[in-house]
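Structure first, then comments.
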Amino acid sequence: MAAAQNGGRIKVSFIEPKSEISRAVHQAFVSDKSNGIQALMDVISQSFKLPRNMDVVFAETGKVNAWYDPEHHAVIMAYDFVEFMIKDAVANKGNEKEAIEYATGAILFTLMHEMGHALIGEMDVPVVGREEDAADEFATMILLDCGPQGHQILGSAADWFYAMGRNQKELAFWDEHSLDQQRLYNILLLMYGHSPNTYGSIVSTIVPKNRMAKALYEYKIKEHRWDKLLTPYVRGGH
Ligand SMILES: [Zn+2]
């Protein structure tokens, strides 16, 4: 793929699936006239100086997963994963509206997390520490600035990590990701740090007071450090 002249764009596409079961999921996305996923990706490509065009490809892959493919400069979102999330939501939520909101939020958070890996890879951002945590933090910091829709996605993601953590039989300390419950609290505390008045009462029911006080301070430092780290890659930055 040729290097983009004025910074790359991110193109979202939906590959026609072969199996019956994926077809309904594919149709649901293709018929989404609001084109919300492309709009979210436009926010990213308008914010950062991407060195080349990138793709987000929804496709049938046989894997219940989503990943960044550095060779093809693409994020792959498997219909199999999308289907899994929808079935999980329908099985666990009280009504269809809640199920759709939860599944959509978890899927979009996953996309933003993979976009975090993709931007770190494509722009060669010198992230130290655990990249999985950085990708979660990147997704969370961007979504916090995306208004109520972004906050709703984060709420669903927190809900999802809570459910996964509760069902986890064995704690995978060796995994490259933090534990699901830690990912949940990391997101919640960033949400609290960003909007203490909105999230204070809910967070105070599950997080000790002294941790909440630290989270406020931490959020300011993280915001400053992410800004500093990403300034060279921001459009209009140096
Ligand atoms: Zn990851």
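The values are calculated or read from the model by the stated rules, or taken from the named source; none is laboratory data. Because the structure is predicted, anything quoted here is derived from the model rather than measured. Note: ideal-geometry Cβ built from the backbone for every residue, glycine included; neighbour counts use all protein chains shown. Note: areas computed on protein heavy atoms with side chains; ligands, DNA, RNA excluded. Shrake-Rupley method; radii C 1.70, N 1.55, O 1.52, S 1.80 Å.
A few points about this structure:
- Exclusive hit being at pLDDT 90 or above and open to solvent by 50 Å² or more (accessible area, probe 1.4 Å), set VAL43, VAL57, VAL82: VAL43
- Test: VAL128 is away from the ligand (no atom under 15 Å from the Cβ), among the aliphatic types (A, V, I, L, M) and within 21 Å of the chain's Cα centre (by Cα): yes
- Selection from segment 156-198 of residues that are assigned to a helix (DSSP H, G or I) and among the charged types (D, E, K, R): ASP159, ARG166, ASP180, ARG183
- Selection within segment 16-40 - open to solvent by 50 Å² or more (accessible area, probe 1.4 Å), touching a residue at least 40 places away in the same chain (Cβ under 8 Å) and hydrophobic (A, V, I, L, M, F, W, C): ILE21
- Any hit, segment 125-139, residues being farther than 20 Å from ARG183 by Cα and either at pLDDT below 95 or not in a helix (DSSP H, G or I) (or both): yes
- A search for C-beta distances below 7 Å between a residue of segment 161-189 that is of a type in the set (Val, Ile, Thr) and any residue that is more than 16 Å from the ligand (Cβ to nearest atom), counting only pairs 6+ apart in sequence or on different chains, returns ILE187/LEU154; ILE187/ALA158.
- Scanning segment 133-145 for residues that are open to solvent by 20 Å² or more (accessible area, probe 1.4 Å) and either within 29 Å of ALA24 (Cβ to Cβ) or under 11 Å from the mean Cα position of the chain (by Cα) (or both) yields GLU137, MET141, ILE142.
- For segment 160-203, the candidate set comprises residues that are under 17 Å from GLU131 (Cβ atoms) and charged (D, E, K, R); within that set, the residue that is surrounded by the most Cβ atoms within 10 Å (Cβ to Cβ) is ARG183.
- Of all residues making up segment 87-102, the number that are surrounded by 20 or more Cβ atoms within 10 Å (Cβ to Cβ), in contact (Cβ under 8 Å) with a residue 24 or more places away in the chain and more than 12 Å from GLN152 (Cβ to Cβ): 0
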